[in-house]
There are 4 protein chains.
Amino acid sequence: MNDPIDLIRRQVSDLHQELVRYQLVVWTAGNVSARVPGEDLMVIKPSGVSYDELTPEAMIVCDLDGKVVEGAHSPSSDTAAHAYVYRHLPEVGGVVHTHSTYACAWAARGEAVPCVLTAMADEFGAEIPVGPFALIGDDSIGRGIVDTLRDHRSPAVLMKSHGVFTVGKDAKAAVKAAVMCEDVARTVHISRQLGEPLPIAQAHIDALNHRYQHVYGQQSAAR
Amino acid sequence: MNDPIDLIRRQVSDLHQELVRYQLVVWTAGNVSARVPGEDLMVIKPSGVSYDELTPEAMIVCDLDGKVVEGAHSPSSDTAAHAYVYRHLPEVGGVVHTHSTYACAWAARGEAVPCVLTAMADEFGAEIPVGPFALIGDDSIGRGIVDTLRDHRSPAVLMKSHGVFTVGKDAKAAVKAAVMCEDVARTVHISRQLGEPLPIAQAHIDALNHRYQHVYGQQSAAR
Amino acid sequence: MNDPIDLIRRQVSDLHQELVRYQLVVWTAGNVSARVPGEDLMVIKPSGVSYDELTPEAMIVCDLDGKVVEGAHSPSSDTAAHAYVYRHLPEVGGVVHTHSTYACAWAARGEAVPCVLTAMADEFGAEIPVGPFALIGDDSIGRGIVDTLRDHRSPAVLMKSHGVFTVGKDAKAAVKAAVMCEDVARTVHISRQLGEPLPIAQAHIDALNHRYQHVYGQQSAAR
Amino acid sequence: MNDPIDLIRRQVSDLHQELVRYQLVVWTAGNVSARVPGEDLMVIKPSGVSYDELTPEAMIVCDLDGKVVEGAHSPSSDTAAHAYVYRHLPEVGGVVHTHSTYACAWAARGEAVPCVLTAMADEFGAEIPVGPFALIGDDSIGRGIVDTLRDHRSPAVLMKSHGVFTVGKDAKAAVKAAVMCEDVARTVHISRQLGEPLPIAQAHIDALNHRYQHVYGQQSAAR
């Protein structure tokens, strides 16, 4: 085994625990992947394995067509979607998929989450958009993700009747987007239960997003 | 003690902790049972015992009429219902009962959870149906479960004004169905608070369910 | 120190952790007390002390007028209400007070929780009733609790605009009632968000309650 | 390093764990600061650092213009707002900022939380007010907080479309206010989902608030 992949195996394995910690997943649903920098490879969760049993060694290495290169188990059944994203969005280094509750509630209605919180402007810079209904089994899901996110500020897409996919410069950034997506989907949902949230002016959204993506956090970018 | 029953005692005891972990139960409510393969026996939780005090040794072995064969405590007050299911559905190897919040909220209105999420199509293949109102004390509950689930894809039934019963090929599969049932009951409830979830075409439900039940997970079936 | 009181100090201290576990309390709100059998004494939580710092030794022993008999701290500011209950309801051995979320939501509207779940019929045998608005500082709260619960099956009362008080044969039973009260208040609330829960016939409520109070659990009564 | 600042570094670091425990924050959002008594200094969280990695040593010491005096990282991006509060409200010894869900849901509608619970009268003595929409980057947020809270009993303000700021005589009191703010924002929200909470007479609010601020808890004030 070469070292960079071992490091990524560990990162991907560990990041799955963040999905558990923030209650974005139940049972074996949800998955995180990371691109292996400089190679046409990705590391992804095995299919149907419990979060308690995930270890760096259990992670699967696939090529960017989703074919297993290294690993004793089958890869996540969402591998084709992850692979499609890596093939078509070269700046993406990590992909996350969850069925987190509030995000799915918006996705089930096919409704975007409007950008009505400053924290949403920071992280998403816009509404969280809806992607098409797509069946598993071919490129439909991956294409839906890429078509929706390619020219969008948001690193998250609500796939209709299905769940959330998020992207980031690395797997940690994609996990952060998944955590924030559920957080704002929940807050905006609850706010709307008793009335209409106030809009935020587009110029303010732009200013907040620009500052957050360029100034927030320590030296290295937060996203 | 013979070994296969000891193994099942441990499995049933451990699986109760999953009900706690996923917050499907409070105090002593809820119970898991497993059929002892090849014998007319089942292993079930003792009645009114706290989840902290459950051990493999505390589990009760009953025959399929619900009569205690081995165990120092009284069995769960839902034993008759579990036993009825094992007598009438020979393919069932595990049964779970909970009063999980969102599933009970649908059950209290006597309303089925519509199949509007791909994860629901995967696991349930249909709406989660409602069973009759039935009092404890005779075969009514067991009969209500069996009559509702016998020709239904769903491994979960919402017993009117009461709670959820799920079945599976083994106890773990029944626990998974209980976890997924609460998860989708919650998501669909929340989605409906702000509008109507989009329907999923029956052909798509069929395709998703077929793939999930036959392809998902590692070699052995996920359900 | 005499032994029976030490045992009760430990029980009362430990039972406060159940309030934390079931998320019925935040910060220092909420309290549990127990009558010392055969003596005109009760053991109660100190005022304004964090749940992490509660120990058996920190518990306060008061007489049934709420005067401190033993203890370095001030007793809970709800001591007068607990004491009033012990003076007027001799069968009560434990009292619990919380501001648990869903129960308080009903209390803030001054609305009883209707008995529409079999688990509610089991534990409460009726709706969970509303007591009067009462200010802290004299016997008003205690009197409101006693007047509401004296001829009621329910071991829980929703004090208007305030919170929940529960009683039991001992402190554990009162804690159980507090846990179940929040659980059913939550489930019925959620059910009503999307329609009206089905009523349960009075004869069925009576039958369920009778069985549960006399048959459920192991030898000793569950409540 | 001088000792009093080391103590405050530890307090501020530890209090961030209360934000996590009460689920007021996700990822790196939210921050706690404390004034250094007798000096024109404050201690605050570093920007964009995970709650798992916070240590007393990682905390940043700033002057009351928000300039870093000691610390290897950048301070919280909300430092200017905290500093403004310390400069203009000399009785304030601690400030907390969160995006807690229910409080933000009210803030997103620009709606104050009405004082309809006795626990709210205790801690807040009034509605929880709304402050203006303000962009990060200058004194707008700090000024909005101070203008809203200066003559208000409430230690919490809902900044429009943004989140909560709370103040206290020390950092622990400000954290308590943040915890209670989310708790009552949640309970009142849920209550209003099914009708209108009953009002509490102003004289009762006054009496409750006076008693709680002067009598509750042990010798030292609870707030």
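Compute the distance in nm between two label points, each set 7 Å from the Cα along the Cα-to-Cβ direction, one at residue A:72 and one at residue B:72.
According to this spin-label approximation, the distance is 3.9 nm.
May I ask you to list the GluC sites (Glu not before Pro) in the stretch D:74-138 that are in a DSSP loop and have at most 16 other Cβ atoms within 10 Å of their Cβ?
Within the stretch D:74-138, the qualifying GluC sites (Glu not before Pro) (loop, at most 16 other Cβ atoms within 10 Å) are D:91.
So what J values fall out for the stretch C:84-90 if you push phi through Karplus, 6.51 cos²θ - 1.76 cosθ + 1.60 with θ = phi - 60°, rounded to Hz, Gly and Pro as x?
4, 4, 5, 5, 9, 10, x
Helix-only mean residue ellipticity at 222 nm, chain A, DSSP H runs n ≥ 4 weighted -39,500 (n - 2.57), per residue, nearest 500. What is it?
That calculation yields -13000 deg cm²/dmol at 222 nm.
Give the shape of the stretch D:157-211 as rounded, prolate or oblate, defined through the alpha-carbon gyration tensor: a ≥ b ≥ c are the square roots of its eigenvalues, a/c under 1.5 means rounded, and otherwise the shape is prolate if a/b is larger than b/c and oblate if not.
It is oblate, given that a/c is not under 1.5 and a/b is not larger than b/c.
What are the residues of the stretch C:138-166 that lose 20 Å² or more of accessible area, with a 1.4 Å probe, going from their chain alone to all protein chains?
Listed in order, they are C:161, C:162.
Set Lys and Arg Cβ to +1 and Asp and Glu Cβ to -1, take the dipole of the protein assembly as shown about its Cα centre, and tell me which of D:72, B:15, B:152 lies farthest positive.
Farthest along the dipole direction, towards plus: B:152.
Name the residues of the stretch A:191-213 whose accessible area falls by at least 30 Å² when all protein chains are present instead of the chain alone, probe 1.4 Å?
A:191, A:192, A:193, A:194, A:198, A:204, A:208, A:211
Please report, in debye to the nearest 20, how large the charge dipole of the protein assembly as shown is about its Cα centre when each Lys and Arg carries +1 at its beta carbon and each Asp and Glu carries -1 there.
For the protein assembly as shown, the charge dipole is close to 1280 debye.
Restricting to Cα pairs below 8 Å that are 6+ residues apart, what does the relative contact order work out to for the stretch C:72-174? Please round to a whole percent.
38 percent
In the protein assembly as shown, if the dipole is taken from +1 on Lys/Arg beta carbons and -1 on Asp/Glu beta carbons about the Cα centre, which of A:29, A:190, C:51 is farthest to the positive end?
My answer, from the dipole projection, is A:190.
Using the Cα gyration tensor of the protein assembly as shown, with a ≥ b ≥ c the square roots of its eigenvalues, what is the shape: rounded (a/c below 1.5), prolate (a/b larger than b/c) or oblate (neither)?
Because a/c hits 1.5 or more and a/b fails to exceed b/c, the protein assembly as shown counts as oblate.
Assign unit charges at the C-beta atoms only (+1 for Lys and Arg, -1 for Asp and Glu), then state the dipole size of the stretch D:63-129 relative to its Cα centre in Debye, rounded to the nearest 20.
Computed about the Cα centre, the dipole is about 180 debye.
State, to one decimal in nm and shortest first, how far the label point of residue C:23 sits from each corresponding label point in the other identical copies (label point: 7 angstrom along Cα-to-Cβ).
Distances to the matching label points in the other copies: 0.3, 0.3, 0.4 nm.
Contact order normalised by length for the stretch A:148-198, with contacts defined as Cα pairs under 8 Å and 6 or more residues apart; what percent is it?
21 percent
When chain D is modelled as a GNM with alpha-carbon springs shorter than 10 Å, which of D:124, D:133, D:165 fluctuates the most?
D:133
Only protein chains counted, 1.4 angstrom probe. Which residues of the stretch D:75-120 are at least 10 Å² less accessible in the assembly than when their chain is isolated?
D:77, D:99, D:101, D:102, D:104, D:105, D:108, D:109, D:116, D:117, D:118, D:119
Given a 10 angstrom Cα cut-off, can you work out which residue in B:34, B:119, B:72 is the most mobile in a GNM of chain B?
Evaluated over chain B, the most mobile residue of the options is B:72.
Along Cα-to-Cβ, 7 Å out, sits the label point; list in nm, shortest first, how far the one on residue D:10 is from those in the other copies.
Residue D:10 label point versus its equivalents elsewhere: 3.1, 3.1, 4.4 nm.
Can you give the accessible area per residue of the stretch C:25-105, in Å², using a 1.4 Å probe?
Ligands and nucleic acids excluded, the figure is 33 Å² per residue.
Which value, in debye to the nearest 20, describes the size of the charge dipole of chain C about its Cα centre when Lys and Arg Cβ atoms bear +1, Asp and Glu Cβ atoms bear -1, and nothing else is charged?
480 debye
How far is helix C:140-149 tilted off the main Cα axis of chain C, in degrees rounded to 10, range 0 to 90?
The two axes meet at around 50 degrees.
Let a ≥ b ≥ c be the square roots of the eigenvalues of the Cα gyration tensor of the stretch A:77-137; is it rounded (a/c under 1.5), or, if not, prolate (a/b larger than b/c) or oblate?
Oblate shape, in that a/c is at least 1.5 and b/c is the bigger or equal ratio.
Take the solvent-accessible surface of the protein heavy atoms, probe 1.4 Å, and return the percent of it on the stretch B:1-155 that carbon and sulfur atoms account for.
Result for the stretch B:1-155: 47 percent of the exposed heavy-atom area is carbon or sulfur.
Tell me the total accessible area that D and C bury against each other, 1.4 angstrom probe, in square angstrom rounded to 100.
That pair of chains buries around 2800 Å² in total.
Normalised by the residues of chain D, what does the relative contact order come to in percent, with Cα pairs under 8 Å and at least six apart?
Relative contact order of chain D: 20 percent.
Rounded to the nearest whole Å², what accessible area per residue is found for the stretch C:143-190 with the 1.4 Å probe? Display every interim value, and only then the final one.
Working: 1220 Å² over 48 residues.
With all protein chains present, the stretch C:143-190 gives 25 Å² per residue.
Can you give the net charge of the other residues whose Cβ lies under 9 Å from the Cβ of residue A:18, counting K and R as +1 and D and E as -1?
+2
The values are calculated or read from the model by the stated rules, or taken from the named source; none is laboratory data. Here the structure is a predicted model, which means the values were calculated and not measured. FYI the Cβ positions are ideal-geometry reconstructions off the backbone, even for glycines, and counts take in every protein chain you see. Heavy atoms of the whole protein, side chains included, go into the accessibility calculation; ligands, DNA and RNA do not. Shrake-Rupley method; radii C 1.70, N 1.55, O 1.52, S 1.80 Å.
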